[in-house]
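Notes follow once the structure below has been shown.
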Amino acid sequence: MRLGVIGLGLIAQAVHLQNLQALREKYQVTHVCDLSATLAAQIAAEHGGPVRHSTDAADVLADPEVDAVLLLTPGTHADLTRRALEAGKHVLAEKPFAHTVGECTELDALAAAKGLVLQVAYMKMYDPIMDRARAELANLGAVRLVRVTVLHPADRPQFSHQRYLRYTDAVVPDDDYGRQKAFEAVGDLGEPYVSIYANVLQGSVVHELSVLRALFGEQPISIAHAQAAGLKPGVKLEEPPQLQALGTFGEAQLSLSWNWLPDYPDYGEEIAVFGSAGRLYLNMPGPYLRDARASLVVETIQGGERAGTHLRSDHRTGFLHELLAFHASVTEGAPVLSTAAGAAYDTAALQQIARSLV
């Protein structure tokens, strides 16, 4: 597959470009694009082979040597996804995908009408441990509580071990489209709710919704209460909040806790499922640890005895598996796991949380 990569920032350099090198038998990167001409030229030269480079996404979308695009730009990707689909390109788009449910459903329909693959890059849905975790749910009895906990450090300590190139020749335009859609998503709430929705909920918590969807399918979600300390109407927060949400997920209670802990460098993420007959603990690795593995602990009763199973996934993370899945969908017609329609489900739940903060 001939691939164009649009956006060459942190997630591109720390994860995607390295994985594309490992998958050279399946992917040929033919065009890279970034607002920094210096960076685009350097990445093209370092990747090897005849790789074109540009500073305008339109050049990639017009390139006949590009079959599909990987969208890694900052902010939401709905507008660029629409342009790519209209140009006849298959799309793998990083999160945040879109701020509104309408954008998700519209783009899902557009991809279907064009006969193109549209995959949202919710890499945790593709982690190799997910299949086993999903199978183990059947051993837990009736699910009573789903508890999600995220411990989020400052960004830089998470990727300080990675090489990260940046140059000053990029002129970054205002994201008027993304800002407009964020305001549309939360109604007339204004700040700080718009920023919490765009940066925390769509920037991080969306992954938790996608993991729950990968485990349980699209269960009905109802958020009864959400809180974050220190919110003042009209005042944007200087740093992310401590955010808690309570509600129901299908027949189970849902407890979601997202915590900004900037001074401790390790990322933490646990999805715990408590059933009438067992318990499951799924721990996901930080996003910039290229070979870090997810872990799974399952506790059940077998023949009157307590049994515990400890499992780890292989070293090929969800990031690499999502690239393999995208290739299979484009070249073999394999079904897409992380669809834009699924992103609509996640987005609706995030909007509930944002509005419950008031």
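The values are calculated or read from the model by the stated rules, or taken from the named source; none is laboratory data. Bear in mind the structure is a predicted one, so any value in this text is a computation, not a measurement. Every residue, glycine among them, receives a Cβ derived from its backbone with ideal geometry; neighbour counts consider all protein chains shown. Side chains included, ligands, DNA and RNA excluded: accessible areas come from the protein's heavy atoms. Shrake-Rupley method; radii C 1.70, N 1.55, O 1.52, S 1.80 Å.
Of all residues in the range 63-78, count the ones that are buried (at least 17 other Cβ atoms within 10 Å of the Cβ) and either within 18 Å of residue 116 (Cα to Cα) or without any contact (Cβ under 8 Å) to a residue 60 or more places away in the chain (or both).
Result for the range 63-78: 9.
What pairs come out if I take residues in the range 1-16 that are in a strand (DSSP E or B) and open to solvent by 10 Å² or more (accessible area, probe 1.4 Å) and pair them with residues that are modelled with pLDDT of 95 or more and not small (Gly, Ala, Ser) whose C-beta lies under 7 Å away, six or more apart or interchain?
Once the first residue is in a strand (DSSP E or B) and open to solvent by 10 Å² or more (accessible area, probe 1.4 Å) and sits in the range 1-16, its partners that are modelled with pLDDT of 95 or more and not small (Gly, Ala, Ser) give 2/28; 2/30; 2/65; 2/66; 2/67.
Any idea how many residues of the range 304-358 are open to solvent by less than 40 Å² (accessible area, probe 1.4 Å) and of a type in the set (Asp, Glu)?
Qualifying residue count for the region: 2.
From 215, 246, which residue is aliphatic (A, V, I, L, M), open to solvent by 30 Å² or more (accessible area, probe 1.4 Å) and modelled with pLDDT of 95 or more?
Answer to the selection: 246.
For the range 134-154, does any single residue satisfy the condition of being open to solvent by 20 Å² or more (accessible area, probe 1.4 Å), closer than 30 Å to residue 278 by Cβ and free of Cβ contacts under 8 Å to residues at least 12 places away in the same chain?
Checked the range 134-154: at least one residue is open to solvent by 20 Å² or more (accessible area, probe 1.4 Å), closer than 30 Å to residue 278 by Cβ and free of Cβ contacts under 8 Å to residues at least 12 places away in the same chain.
Which condition from (1) of a type outside the set (Phe, Trp, Tyr); (2) farther than 25 Å from residue 357 by Cα; (3) surrounded by fewer than 16 Cβ atoms within 10 Å (Cβ to Cβ) is the one that residue 251 breaks?
Among (1) of a type outside the set (Phe, Trp, Tyr); (2) farther than 25 Å from residue 357 by Cα; (3) surrounded by fewer than 16 Cβ atoms within 10 Å (Cβ to Cβ), the lone unmet condition for residue 251 is (2).
Name every residue in the range 22-44 that is part of a strand (DSSP E or B), open to solvent by less than 40 Å² (accessible area, probe 1.4 Å) and more than 17 Å from residue 166 (Cα to Cα), in order of residue number.
Correct list: 29, 30, 31.
Since residue 119 meets every condition but one in (1) out of contact with any helix residue (DSSP H, G or I) (no Cβ under 6 Å at 6 or more places or on another chain); (2) modelled with pLDDT of 95 or more, which condition does it not meet?
(1)
Can you tell me which residues in the range 45-62 are touching a Ser or Thr at 6+ places or on another chain (Cβ under 9 Å), open to solvent by 20 Å² or more (accessible area, probe 1.4 Å) and either modelled with pLDDT under 95 or not in a loop (DSSP other than H, G, I, E, B) (or both)?
Residues satisfying the conditions are 49, 50, 52.
Out of the residues in the range 101-116 that are crowded, with 24+ Cβ neighbours inside 10 Å and of a type outside the set (D, E, K, R), state the one that is farthest from residue 178 (Cα to Cα).
Checked the range 101-116; the qualifying residue farthest from residue 178 (Cα to Cα) is 107.
Taking the range 83-106, which residues are within 18 Å of residue 201 (Cβ to Cβ) and touching a residue at least 12 places away in the same chain (Cβ under 8 Å)?
Once the filter is applied, which keeps residues that are within 18 Å of residue 201 (Cβ to Cβ) and touching a residue at least 12 places away in the same chain (Cβ under 8 Å), the range 83-106 yields 93, 94, 95, 96, 97, 98, 99, 100, 101, 103, 104.
Condition check: in a loop (DSSP other than H, G, I, E, B), out of contact with any helix residue (DSSP H, G or I) (no Cβ under 8 Å at 6 or more places or on another chain), at pLDDT below 95 and basic (Lys, Arg). Does residue 316 satisfy that?
Answer is yes for this residue.
Identify the residue in the range 283-303 that is within 30 Å of residue 164 (Cα to Cα) and hydrophobic (A, V, I, L, M, F, W, C) and, among all such residues, is most open to solvent (accessible area, probe 1.4 Å).
289
Against the condition at pLDDT 95 or above, small (Gly, Ala, Ser) and out of contact with any Ser or Thr (no Cβ under 9 Å at 6 or more places or on another chain), how does residue 356 come out, does it pass?
Taking the combined requirement at face value, the residue satisfies it.
When you scan the range 328-353, how many residues do you find that are more than 18 Å from the chain's Cα centre (by Cα) and in contact (Cβ under 8 Å) with a residue 40 or more places away in the chain?
4
Can you say whether residue 164 is crowded, with 16+ Cβ neighbours inside 10 Å and closer than 23 Å to residue 8 by Cβ, as far as the supplied structure shows?
So residue 164 fails the test.
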